[in-house]
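Taken together, the values in this text are just the output of simple stated rules run on the coordinates, not laboratory data. Note that the structure is a prediction, hence the values are computed from the model and not measured. Note: ideal-geometry Cβ built from the backbone for every residue, glycine included; neighbour counts use all protein chains shown.
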Amino acid sequence: MHDDHVILCRCEDVTLGDVRRMLAAGYVTVEDLKRQLRIGMGPCQGTTCGLLLQREVASFLKKSPEDVPIAKARPFVVGVTLKAIAEAADEE
Amino acid sequence: MKSEIVIVGAGISGTAIAYNLAIRGMKDIVVVDQGYLTAGSTGRCGAGVRQQWQTMANCTMAKKSIEFFEHAAETLHYDEDIEFKQEGYLILACTAAEVEQFQKNVALQNSLGIPSKVVSKEEALKIVPHLNPDAFISATYCRTDGHLNPFKMTDAYYQAGKKLGVTYLFGERVERIDVEQGRIQRVVTDKRTIETARVVDAAGGYAKEVGELAGVRIPVYAERHEILVTEPIEKMQGPMVMSFSQNLYCQQVPHGAFIMGRTTPNEPHGHDLSSSWQFLDAMAKTVCKFLPKVGELHAIRQWAGSYCMSPDRQPILGPTDQLEGFYLACGFSGHGFMFAPMTGVLLAEMILGLPTTLPVEDLLIDRFKKQTTTVYEKSVV
């Protein structure tokens, strides 16, 4: 399989090719790539692709991965139905 | 570095102003942002666009802006999809006072050419069948209101501006705006000095602080507004559903996710953008009451952004007699994204001394000098 077709973000179907095109176009931070490609915005919230993306950006910038900031961590850790939240709030 | 003008803020307003100045022939335009493209309020907004307002200035800004969105990709030669959908806003009247006020709003909107209408409960349920029929009395509906992707729309302005020679400086914080003998001399960031005589304050939640750097007082404050998004599902809701009195907006975006928000009462002024459980509880309860089916979806991400609140909840645009060469594009009170096409046009026209496309008297900062101002936008969540 061609590298470009490798899926990095399985929630939003973002491929390595998509990421490399955006990097070449000048979007070289994880936050920019997230907003332009939706990478890491799906149900798993970047749990799977986050580190892969960080590594890809690092290799493009010729930096060490730990020098590439990842996307801001936000709630939720796992998806929760709104109904469950509403019911729990009512019980308090 | 020298420039004709420095625009502070690379959100939708800053990028739209830069493009509109460049397309009218201005050279050496520099846009500075402390973060990345759309890092502030633009990238955090609900991205609904509506024309159903209560003041004339907001109605006309919104109407002209929607006309732009309809052809934005072609106008800006943007290859990607801006994901514009026009399936309307359904605004619920939940109190007798709202029923009465909304009739007046629709009359004003219609007089300005906005195709909104009052709809009965039965008609509203045809438009959004999963609405709880017991939660509202009647509604207003405008079919040409809608939604678009804020990242892509901003990127479209950004790319069009760059092709016309606009310089963007990301990750640079404006630390000083030097004024000597009543004139702007330079903007100093944490990385460089830019000689300029003109500055545009399009700094969103930080507009007040950027004004203070130049000694300009702007009567605005930042207020946190929270929002969340669900997992994407197949299409089940066309329009945005909104209630002012019950404090709710909820829309399914073309991608399939539902985006929803509400105002947390008594939110302190400031730049806190953390996520609260208080919002989450109230949001979940409100949406389960109005749209019970949406309550079955998993919420997957919660975040917050700043509203830059003005005294009358209308934008503050244009020059100020406090400082020559300093221009304002702030105070949008949560609606900067949907007004941005006209913000860009009007600012460019005022900066270049051209006749303005719309009357701007109601939008200049000078309006707050008059004690008689009675116009106040109440159609806000």
Quiz item: Can you pull out the cysteines in chain A that have no other Cys Cβ under 4.7 Å?
Solution: A:Cys11, A:Cys44
Practice problem: Would you be so kind as to identify which of B:Ile12, B:Ala73, B:Gly113 lies farthest towards the positive end of the dipole of chain B, taking Lys and Arg as +1 and Asp and Glu as -1 on Cβ and the Cα centre as origin? | Solution: B:Gly113
Quiz prompt | All lysines inside 23 Å of B:Lys126 as judged from Cα atoms, apart from same-chain residues fewer than 8 positions distant | solution = B:Lys85, B:Lys117, B:Lys235, B:Lys289, B:Lys293
Quiz prompt | Residue among A:Ala25, A:Ala71, A:Ala58 with the largest mean-square fluctuation in a Gaussian network model of chain A, springs linking Cα atoms under 10 Å | solution = A:Ala25
Quiz item: If you rank B:Arg313, B:Arg176 by fewest surrounding Cβ atoms within 10 Å, what's the result?
Solution: B:Arg176, B:Arg313
Quiz prompt | Highest-fluctuation residue, B:Met236, B:Met260, B:Met342 considered, GNM on chain B with Cα pairs under 10 Å | solution = B:Met236
Quiz item: Roughly speaking, what is the stretch gain from B:Gln322 to B:Arg192, that is 0.36 nm per residue apart minus the C-alpha to C-alpha distance, in nm to one decimal?
Solution: 44.2 nm
Quiz item: Which aspartates and glutamates have a Cα less than 16 Å from the Cα of B:Lys369, not counting those fewer than 8 places away in the same chain?
Solution: B:Asp312, B:Asp321, B:Glu361
Quiz item: Share of Cα-Cα pairs in chain B beyond 27 Å, in percent?
Solution: 46
Self-check item: Alpha carbon centroid spacing (whole Å) that separates segment B:296-313 from segment B:35-66
Solution: 13
Exercise. Using only the alpha carbons of segment B:257-381, determine the length spanned along each of the three principal axes and report them from longest to shortest in whole angstroms.
Key: 54, 29, 26
Quiz item: Where the only charges are on Cβ atoms (+1 Lys, Arg; -1 Asp, Glu), what is the dipole of segment A:3-91 about its Cα centre, to the nearest 20 debye?
Solution: 280
Practice problem: Taking 7 Å along the Cα-to-C-beta vector as the label spot, tell me the B:Leu354-B:Val99 distance in nanometres, rounded to one decimal. | Solution: 4.8
Exercise. Once you've got the Cα coordinates, tell me which of A:Lys34/B:Lys285; A:Lys34/B:Lys162; B:Lys64/B:Lys370; B:Lys27/B:Lys162 are over 23 Å apart.
Key: A:Lys34/B:Lys285; B:Lys64/B:Lys370
Quiz item: Mind checking the dipole of segment B:76-192: about its Cα centre, +1 per Lys or Arg Cβ, -1 per Asp or Glu Cβ, Debye to the nearest 20?
Solution: 440
Self-check item: Rounded D (µm²/s) - the protein assembly as shown, Kirkwood Rh over Cα pairs, Stokes-Einstein at 20 °C, 1.002 mPa s
Solution: 93
Quiz item: In nm, to one decimal, how far is the A:Thr48 label point from the B:Ser245 one, both placed 7 Å along Cα→Cβ?
Solution: 4.7
Practice problem: Please give the direction-averaged projected area of the C-alpha convex hull for segment A:3-91, in square nanometres with one decimal. | Solution: 6.4
Practice problem: Note down the magnitude of the dipole of chain B about its Cα centre, charges +1 on Lys and Arg C-beta and -1 on Asp and Glu C-beta and zero elsewhere, to the nearest 20 debye. | Solution: 220
Quiz item: What's the exposure ranking of B:Val179, B:Val187, going from fewest to most Cβ atoms within 10 Å?
Solution: B:Val179, B:Val187
Quiz item: In deg cm²/dmol and to the nearest 500, what is the mean residue ellipticity at 222 nm of chain B if only DSSP H runs of at least 4 residues count, each as -39500 (n - 2.57), divided by the residue total?
Solution: -8500 deg cm²/dmol
Quiz prompt | Charge dipole of segment B:218-298 about the Cα centre (unit charges at C-beta), most positive-ward option of B:Ala222, B:His269, B:Pro254 | solution = B:Pro254
Quiz prompt | Compactness relative to 2.2 N^0.38 Å, alpha carbon Rg of segment B:119-231 | solution = 1.68
